[in-house]
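Visitor: Sharing a structure, written as structure tokens. Questions coming.
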Amino acid sequence: MSMLDLVLNSLQGDKAEDIVTLDLAGKSSVADHMVVASGRSTRQVVAMAEKLSERLKQNKGISARIEGKSAGDWVLIDAGDVIVHLFRPEVREFYQLEKMWQTVAEDAE
């Protein structure tokens, strides 16, 4: 199973909402893929981040870096080739991160 598949399966299993995947391969040095998803509450966002981190460690031997878990409004999980952003819906709407990165990905083509 690829890293991206593991991330998507984990988020889908944890009932993440509005999952968007951006292909950044060859377009950014940050990562090959960016995944943006929402949780209904800070509790769900934190739980999804913790479970994803555990699954990455178990299945890929990766200790992903996590930022923002203490607040739970926006959690960043850096798994190397895949960067994951988990938001509460209001925070996601405010930052519109995937729109910004979609522009970057399109401009690089």
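What follows draws every value from the coordinates through simple rules; no lab data is involved. Fair warning: this is a prediction, and the values are worked out from it, not measured in the lab. Glycine also receives a Cβ, built like all others from the backbone with ideal geometry; neighbour counts cover every protein chain displayed.
Visitor: Per residue, what volume in Å³ does the convex hull of the Cα atoms of the chain enclose?
Guide: Values: hull volume 9.7 nm³, N = 109.
In the chain, the Cα convex hull volume per residue is 89 Å³.
Visitor: Provide the per-residue ³J(HN,Hα) series for the range 67-73, in order, calculated from phi with Karplus coefficients 6.51, -1.76, 1.60 and θ = phi - 60°, each as a whole number of Hz, with x at glycine and proline positions.
Guide: 10, x, 5, 5, 8, x, 7
Visitor: A further question on this structure: Residue 57: net charge of surrounding residues, Cβ under 13 Å, Lys/Arg +1, Asp/Glu -1, itself excluded?
Guide: Details: positive: 51, 55, 60, 65; negative: 50, 54.
Around residue 57, the charge tally is +2.
Visitor: Right, next: Using a Gaussian network for the chain with springs between C-alpha atoms less than 10 Å apart, which of these wobbles most: 29, 53, 41?
Guide: Among 29, 53, 41, the largest mean-square fluctuation in the Gaussian network model of the chain belongs to 29.
Visitor: Right, here's the next one. Of 90, 54, 17, which is the most mobile in a GNM of the chain whose springs link Cα atoms less than 10 angstrom apart?
Guide: Maximum among the listed residues: 90.
Visitor: Okay, next question. What ³J(HN,Hα) values, in whole Hz, does the Karplus curve 6.51 cos²θ - 1.76 cosθ + 1.60 give for the range 46-60 when θ = phi - 60°, with x put for Gly and Pro?
Guide: Running phi through 6.51 cos²θ - 1.76 cosθ + 1.60 with θ = phi - 60° gives 5, 4, 4, 5, 5, 5, 4, 4, 5, 5, 4, 5, 5, 8, 10 Hz.
Visitor: With springs connecting C-alpha atoms under 10 Å apart, model the chain as a Gaussian network and identify which of 75, 91, 35 has the largest mean-square fluctuation.
Guide: 91
Visitor: Nearest 20 debye, what's the magnitude of the dipole of the chain about its Cα centre given +1 on Lys and Arg Cβ and -1 on Asp and Glu Cβ?
Guide: Values: 13 positive and 18 negative charges, 110 e Å.
Result for the chain is approximately 520 debye, rounded to the nearest 20.
Visitor: Lys pairs in the range 3-104, Cα-Cα under 21 Å, at least 8 apart or on separate chains: how many?
Guide: On the way: 15/51; 15/57; 15/69; 27/99; 51/60; 51/69; 57/69.
Pairs that pass both the separation and distance tests number 7.
Visitor: Got a sec? How would 55, 65 order by Cβ neighbour count within 10 Å, fewest to most?
Guide: Numbers: 55 18, 65 12.
So the residues, fewest neighbours to most, are 65, 55.
Visitor: First select every other residue whose beta carbon is under 12 angstrom from the beta carbon of residue 92; then total the charges, Lys and Arg +1, Asp and Glu -1.
Guide: That sum, taken over residues with Cβ under 12 Å, equals -3.
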